[in-house]
Structures are given as structure tokens and as C-alpha cells.
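Here's the structure we're looking at; comments come further down.
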Amino acid sequence: MAEQSQPFETSDGMWSFKIHKLQKRDEAMTMQLPPTAAEYVRSINDHDPAAFNALFAEAAFVNDAGREFRGRAAIESWSDRDIFDAQVTLEVISATDRDGETVITTKVEGSFDRTGLPDPVIINHHITVEHDRIVGLTCRLGGEKPGT
């Protein structure tokens, strides 16, 4: 099943992704993401490290599969190596708001080492935002909880 996701802004300032699942009837589903979460996905898919890094607060943290990065300099180094050098792209599968965070489930593609990873690679991105900046990002394989 091939899928494409394309962002567009709605009249209330939210960003939506139209998910096209190419099936017998080419059905489309629309899902809304808060602006910062939508920009997170867009900046990765557009391979735009400057826009990506600008999303984070100075004291933000990232926990990527148990590896922690604190502060914008550490996050920039991590994202350059693990996202942008690897040409990562995200295909949005679902998004929910839970307990003050946005959780985006994505299928991840790119030129990274897939040893020991499932196929397809499904990642949950737990994004916490304050004052339009990401203050916390936790990335886990689909099915894993952020505390593991």
C-alpha cells in the first residue's frame, strides 16, 4: 500500500496532513497537527536543518531510543548526524494529543543502519511544546513506551 502525506494550513492556523492510501478507491484521510509538530515533520521531510533546529528551546532535550541530548548544540549535532546526514523522511501514519504532548506515529525511511530494526521502521515521536518551541522530544520504536 503506497502512501503520501502533504501538509496544508487550515483556516484555524492548524496544519493538516492529507494521507493518501492508494487502495481500490483511493481513499484519503486528513489529520491535523499543531503548527510546531507539523513544522517538525516538514523540516525533516524538506531536509531543512536550520528550520528543524529553530523549533527547539535553548534548554530542550531529546531522548532518541534511550540516548539523551540536552540543549540546542547537542540536539543540532544529533540531528545533523542521525536525521539529515541519513536523509531521513517521515510518512505520518497517525497523530494524537495525550497528556500535554503530541504523539506522531511515522514510517521512517532513510540511509541509516537498519540492523536489528523492524521492517518497516515505525517510530512514535512524543513532542512537548511550550511557547511554540519544542522543549522535549522522545523517539521510540512503535509499541515501546517513552520510559523504556
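Quick notes
- Figure legend. Inter-residue proximity from region 121-142: first residues at negative phi and of a type in the set (Asp, Glu), second residues in a strand (DSSP E or B) and modelled with pLDDT of 95 or more, beta-carbon distance below 7 Å, spacing 6+ or different chains. Indicated pairs: Glu130/Ala57.
- Filter pass, Val62 being in contact with a Gly (Cβ under 6 Å, 6 or more places away or on another chain), modelled with pLDDT of 95 or more and not hydroxyl-bearing (Ser, Thr, Tyr): no
- Any hit, region 33-52, residues being more than 16 Å from the chain's Cα centre (by Cα), of a type in the set (D, E, K, R), within 19 Å of Asp132 (Cβ to Cβ) and at pLDDT 95 or above: no
- Single unsatisfied condition, Arg81 versus (1) modelled with pLDDT under 95; (2) basic (Lys, Arg); (3) not in a loop (DSSP other than H, G, I, E, B): (1)
- Selection count where residues are aromatic (Phe, Trp, Tyr), touching a residue at least 12 places away in the same chain (Cβ under 8 Å) and more than 15 Å from Gly110 (Cα to Cα), scope region 60-94: 2
- In region 96-148, the residues that are of a type in the set (Ser, Thr, Tyr) and assigned to a strand (DSSP E or B): Thr96, Thr102, Thr105, Thr106, Thr128, Thr138
The values are calculated or read from the model by the stated rules, or taken from the named source; none is laboratory data. None of these values were measured; they are calculated from a predicted model. Cβ: placed from backbone, ideal geometry, glycine included. Neighbour counts: every protein chain shown.
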